[in-house]
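Input: a single structure, listed below in structure tokens.
Each value in this text was obtained by applying a stated rule to the coordinates, not by laboratory testing. What you see is a predicted model; the values in this text were computed from it and never measured. Using ideal geometry, Cβ is built from the backbone for each residue, glycine included, and neighbour counts are taken over all protein chains shown.
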Amino acid sequence: MADLLTHLLVPYVLLTIASWRVDWLDRTWVVVGMGGAAIPDMVKLNIVLDSNAVEAALGIPFTYAPLSSLGGVLLIGGVITMAFDRRHWSRVFGLVTFGGLTSLVLDGMRVYADGRASAYLYPFTNWRPPTPSLYVSSDPRVLVVALLIAGAVALLDRRQRSAV
Amino acid sequence: MRARYRALVALVLLAGLGGLAVHADVTGDDRWPYPGPEALESDYDRYVDQRTFVTGSVAAVDGTEMTVEADTPNSVLRLRVTGVAAPVEPGGVVQVYGTIRPDRTIAAERVEVVNSSFGAELYKYGASAVGALGFLMLFFRYWRPDTDTWTLEARDG
């Protein structure tokens, strides 16, 4: 997968542009959407606590893989939503899910040797969407492009807000 | 809604996630179209002449040959990969797509370099750490925990 910083910048760019047209979507809400983008990266918990160790400790099969899937995004999105007051639930859940989906789609565009991405729509389908194989996760150019676009959008956003 | 009910809903959702974690592991081999490292480790000869897709770390490189090590739950599967030269150093990570040949050899059709070296992997984790720290700082600039209601509240009200 792409690095976490790139994952966070994609919803920042998309939601900031959307905020120019949607009144309630200010920076307070944009950061909530960015948080959702981090959900698929939670699969890297495996580095801190190996899934084999969890399996051995619990005595049942276990993998972190669903965290990087649509099912994981929806469930963790629901958990995050519960941290907010009820009047914000629909907004928080929508934004967090959107952020998570941008990460899944971005990861679905990286290189796979057989030309198909992971089954990131699990558990709804095991279908592996075709990937355009645009990048590998350790390619720094991905982050450079994301930073340049985010910087440009941040400048436009500042101009937009000062014009209001 | 009271904090205890929100916590209960969160626990139910986490239990659902736990169920997925178990289901995904149990059905992993059925949902993946190729024999993976675990299957190859347990009964290699059964899969000879079939296609496989393996991700592993590079132990050695010699022209169009490399040795790739893929993790299995209990050990490391060591494979000889032939037929494709890839710009990768030992310590890097590759995806190998090819045909399973006898003697733990994969005749590669395509090799994709995920991390060209251990340094490339470190870069990825470094960028992710910067992202995590930056996000937390940004988030708590706009939101604060309210310990009366046990919710996150916008700082601007």
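Given the options B:L138, B:L40, B:L79, which has the most mean-square fluctuation in a GNM of chain B, springs set between C-alpha atoms less than 10 angstrom apart?
Among B:L138, B:L40, B:L79, the largest GNM mean-square fluctuation belongs to B:L138.
Calculate, for B:R46 and B:L133, the FRET efficiency according to 1/(1 + (r/R0)^6) with r their C-beta to C-beta distance and R0 51 Å; round to the nearest 0.05.
0.60
Which whole-number percent gives the relative contact order of region A:65-157, counting Cα pairs below 8 Å spaced six or more residues apart?
So the answer I get is 25 percent.
About the Cα centre, and with charges only on the beta carbon of Lys, Arg (+1) and Asp, Glu (-1), how big is the dipole of region A:81-164? Nearest 20 debye, please.
Here region A:81-164 has a charge dipole of around 320 debye.
Over every pair of different alpha-carbon atoms in region B:100-157, take the mean of 1/r and invert it; report that Kirkwood radius in Å.
That comes to 15.9 Å for region B:100-157.
Under the rule that an exposed site lies in a DSSP loop and has at most 13 other Cβ atoms within 10 Å, name the longest stretch of chain B with no trypsin sites (Lys or Arg not before Pro) of that kind, not counting the sites themselves.
Counting only loop sites that pass the neighbour cut-off, the longest clear stretch is B:3-154.
Starting from one equal scatterer on each C-alpha and no solvent at all, send me the Debye-based log10 I(q)/I(0) for chain B at q = 0.09, 0.16 Å⁻¹, two decimals.
-0.51, -0.94
Counting only other chains, what is the mean number of Cβ atoms within 10 angstrom of the Cβ of each residue in peptide B:131-138?
Average neighbour count from other chains, rounded to a whole number: 5.
Starting from region B:35-71, pick out the chymotrypsin sites (Phe, Trp or Tyr not before Pro) whose DSSP state is loop and whose Cβ has at most 12 other Cβ atoms within 10 Å.
none
Normalising by the residue count of chain A, find the relative contact order in percent from Cα pairs under 8 Å and 6+ residues apart.
Relative contact order comes out at 30 percent.
How shielded is B:26-33 by partner chains, expressed as the average number of their Cβ atoms within 10 Å of its Cβ atoms?
Averaged over the peptide's residues, the number is 3.
Determine, at each q value in 0.17 (inverse angstroms), the log₁₀ of I(q)/I(0) that the Debye formula gives when each Cα of chain A is one equal point scatterer.
The Cα Debye sum returns log10 ratios of -1.08.
Measure off 7 Å from each Cα along the Cα-to-Cβ vector at B:Y5 and A:W89, then give the distance between these two points in nanometres to one decimal.
In this crude label model, B:Y5 to A:W89 measures out at 0.8 nm.
Going by alpha carbons, how many degrees (0 to 90, nearest 10) lie between the helix axis of B:3-26 and the longest principal axis of chain B?
So the helix axis and the longest Cα principal axis differ by about 10 degrees.
At 7 Å along the Cα-to-beta-carbon direction for both B:T72 and B:A154, put a label point, then send me their distance in nm to one decimal.
The two pseudo-label positions are separated by 5.5 nm.
When the C-alpha atoms of region A:1-40 are aligned to their principal axes, what extent does each axis show, in angstrom, from largest down?
32, 14, 11
In Å³ and rounded to a whole number, note down the convex hull volume per residue for the Cα atoms of the protein assembly as shown.
138
Quick one: P(r) of region B:34-116 from all Cα-Cα pairs, 5 Å bins, percents rounded to integers, in order of increasing distance.
Going from the shortest bin to the longest, the percentages are 3, 18, 31, 27, 14, 6, 0.
Which whole number gives the average count of other chain Cβ atoms within 10 Å of the Cβ atoms across peptide A:54-62?
The per-residue average across the peptide is 3.
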